[in-house]
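Notes follow once the structure below has been shown.
What follows draws every value from the coordinates through simple rules; no lab data is involved. The structure displayed is predicted, hence computed values, not measured ones. Cβ: placed from backbone, ideal geometry, glycine included. Neighbour counts: every protein chain shown.
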Amino acid sequence: MQKNHNDEPYYELKFKGKTTANFIPIEGTLSIEGIFIFDAKWENGKIMRSATLYDAISQIYEERNYAFGIRTYPKSASTETVEGQ
């Protein structure tokens, strides 16, 4: 965390990676130092496929899946049906 000229805290969101000519992200890392790192790929400005979130505060990471900017989840085994049952 940094402080501005009024001694108020602020965070700086950074992006490092590839963008279009209009600065729309294609592939890269979005981060706030000491808070999180998010590695992902985008299509038309929306997160696509798997992305990895590194949480520095909780000291964990997780893989997340996205389709057209919407986070998706695996189908629960309990909701699957087997033919003939």
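Listed values, structure above:
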quantity: HN-Hα J in Hz across the stretch 42-51 - Karplus 6.51, -1.76, 1.60, θ = phi - 60°, x for Gly and Pro; calculated: 10, 10, 6, x, 10, 5, 10, 6, 7, 9
quantity: Set of aspartates and glutamates with alpha-carbon distance to Lys18 below 20 Å, sequence-local pairs under 8 removed; calculated: Glu27, Glu33, Asp39, Glu43
quantity: Calculated FRET value between Arg49 and Lys3, using beta carbons and R₀ = 35 Å, to 0.05; calculated: 0.40
quantity: Under 19 Å from the Thr19 label point (7 Å along Cα→beta-carbon), backbone N, the stretch 41-68; calculated: 41-48
quantity: Backbone HN-Hα couplings from phi across the stretch 13-21 [Karplus 6.51/-1.76/1.60, Hz, Gly and Pro as x]; calculated: 7, 10, 10, 10, x, 9, 9, 6, 4
